[in-house]
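Here the structure is laid out as structure tokens; the discussion comes afterwards.
The values are calculated or read from the model by the stated rules, or taken from the named source; none is laboratory data. Quick caveat, the model's predicted, so the values are computed rather than measured. Cβ sites come from the backbone with ideal geometry, for glycine too, and all protein chains shown count toward neighbours.
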Amino acid sequence: MTEKNYELKKKIKKTLDKDRYQHTLAVAYTASCLAMKYGSDIDDAFTAGLLHDCAKCIPNDEKIKLCDKYGIRLTDIEKKNPALIHAGLGAYLAEHKYGINNKDIINAVRTHTTGEPGMSLLQKIIFTADYIEPGRNQAKNLREVRALAFTDLDKAVETILHDTLNYLNDKTAAIDPETERTYRFYYRGEE
Ligand code: DGI
Ligand code: FE
Ligand code: FE
């Protein structure tokens, strides 16, 4: 592990609860494996994995206050579902608190929950690693998506979005328009 990632790992550990830290490490290592497979930078994938949920354990009211303070505009859906804020706020903290200046890493943190159309390889890797890391066990089709992640990353992204939208629909949870936009971008239909 690079010295930078080693130091970052220690800092991140202090801001997360035990379970979130375990998940974070698992995403960092899973993202590294995907980076190996697809020829992306392994250290950057590890960094983005370490940072992706860096704002997750901040209480919701505090998240809103911080966004106000830093001038981060909240979307309507974020106002209604403050849990969604951790992605955008996390991207801000990655840059300004953790000193990351690689835009691709910052974007990967920002889009890790909803995705966005036209994601970079690293963005897709973090989006997917978050869903398939070994500690996840709730989503359906996990076995298929895990295999797909290492054979056809775009198809994995599409399947994750499809299953997430279905899951949110079943829960009658409000859907972020960005999640739908991303799905429409990656949807390829049956081949
Ligand atoms: O932070 P994590 O739990 O590791 O994972 P995440 O950042 O993907 O957040 C997971 C939750 O976010 C999951 O329960 C699905 C939810 N989510 C994803 N897209 C949307 C959404 N929730 C709402 N309300 N609307 C969305 O479009
Ligand atoms: Fe997250
Ligand atoms: Fe996560």
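From the list Ala156, Ala129, Ala108, Ala173, exactly one residue is more than 15 Å from ligand 3 (Cβ to nearest atom) and either modelled with pLDDT of 95 or more or of a type in the set (Asp, Glu) (or both). Which is it? Spell out how you get there, then give the answer.
Working: Ala129 fails: more than 15 Å from ligand 3 (Cβ to nearest atom); Ala108 fails: more than 15 Å from ligand 3 (Cβ to nearest atom); Ala173 fails: either modelled with pLDDT of 95 or more or of a type in the set (Asp, Glu) (or both).
Answer to the selection: Ala156.
Of everything in segment 63-87 that's under 24 Å from Thr172 (Cα atoms) and touching a Cys at 6+ places or on another chain (Cβ under 9 Å), which residue is farthest from ligand 3 (Cβ to nearest atom)?
Leu74
Do we have any residue at all in segment 160-183 that's in contact with a helix residue (DSSP H, G or I) (Cβ under 6 Å, 6 or more places away or on another chain), of a type in the set (A, V, I, L, M) and crowded, with 20+ Cβ neighbours inside 10 Å?
yes
Residue-by-condition table, conditions (1) away from ligand 1 (no atom under 12 Å from the Cβ); (2) modelled with pLDDT under 95; (3) farther than 22 Å from Lys124 by Cα; (4) part of a helix (DSSP H, G or I):
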| site | (1), (2), (3), (4) |
| --- | --- |
| Ala35 | yes, no, no, yes |
| Asp43 | yes, no, no, yes |
| Gly49 | no, no, no, yes |
| Lys63 | yes, no, yes, yes |
| Cys67 | yes, no, yes, yes |
| Leu74 | yes, no, yes, no |
| Ile77 | no, no, yes, yes |
| His86 | no, no, no, yes |
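Are there any pairs with C-beta distances below 8 angstrom linking a residue in segment 79-104 that is in contact (Cβ under 8 Å) with a residue 60 or more places away in the chain to a residue that is away from ligand 1 (no atom under 12 Å from the Cβ) and in a loop (DSSP other than H, G, I, E, B), with the two at least 6 apart or on different chains, and if so which?
From residues that are in contact (Cβ under 8 Å) with a residue 60 or more places away in the chain, the pairs are Asp104/Ser120.
The conditions are (1) hydroxyl-bearing (Ser, Thr, Tyr); (2) free of Cβ contacts under 8 Å to residues at least 40 places away in the same chain; (3) crowded, with 18+ Cβ neighbours inside 10 Å, and Ser40 fails exactly one of them. Which is it?
Unmet for Ser40, out of (1) hydroxyl-bearing (Ser, Thr, Tyr); (2) free of Cβ contacts under 8 Å to residues at least 40 places away in the same chain; (3) crowded, with 18+ Cβ neighbours inside 10 Å: (2).
Which of the residues belonging to segment 113-167 are assigned to a loop (DSSP other than H, G, I, E, B) and among the aliphatic types (A, V, I, L, M)? Outline the logic, then answer.
Here is the first cut: in segment 113-167, the residues assigned to a loop (DSSP other than H, G, I, E, B) are 113-120, 133-141, 150-152.
Passing the criteria: Met119, Ala139.
Take the conditions within 22 Å of Gly135 (Cβ to Cβ) and loosely packed, with under 13 Cβ neighbours inside 10 Å and apply them to Asp68. Does it pass?
Against the criterion (within 22 Å of Gly135 (Cβ to Cβ) and loosely packed, with under 13 Cβ neighbours inside 10 Å), Asp68 does not qualify.
Do we have any residue at all in segment 138-145 that's more than 25 Å from Tyr38 (Cα to Cα), among the acidic types (Asp, Glu) and surrounded by fewer than 16 Cβ atoms within 10 Å (Cβ to Cβ)?
No, the conditions are met nowhere in segment 138-145.
Filter segment 47-62 down to the residues that are away from ligand 3 (no atom under 13 Å from the Cβ) and surrounded by fewer than 24 Cβ atoms within 10 Å (Cβ to Cβ) and list them by number. Working first, answer last.
Step one: of segment 47-62, the residues away from ligand 3 (no atom under 13 Å from the Cβ) are 47, 58-62.
Of everything in segment 47-62, those that are away from ligand 3 (no atom under 13 Å from the Cβ) and surrounded by fewer than 24 Cβ atoms within 10 Å (Cβ to Cβ) turn out to be Ile58, Pro59, Asn60, Asp61, Glu62.
Name the residue, out of Thr151, Thr159, Thr164, Thr182, that is within 16 Å of ligand 2 (Cβ to nearest atom) and within 19 Å of Thr30 (Cβ to Cβ). Outline the logic, then answer.
Working: Thr151 fails: within 16 Å of ligand 2 (Cβ to nearest atom); Thr159 fails: within 16 Å of ligand 2 (Cβ to nearest atom); Thr182 fails: within 19 Å of Thr30 (Cβ to Cβ).
Checking each option against the conditions leaves just Thr164.
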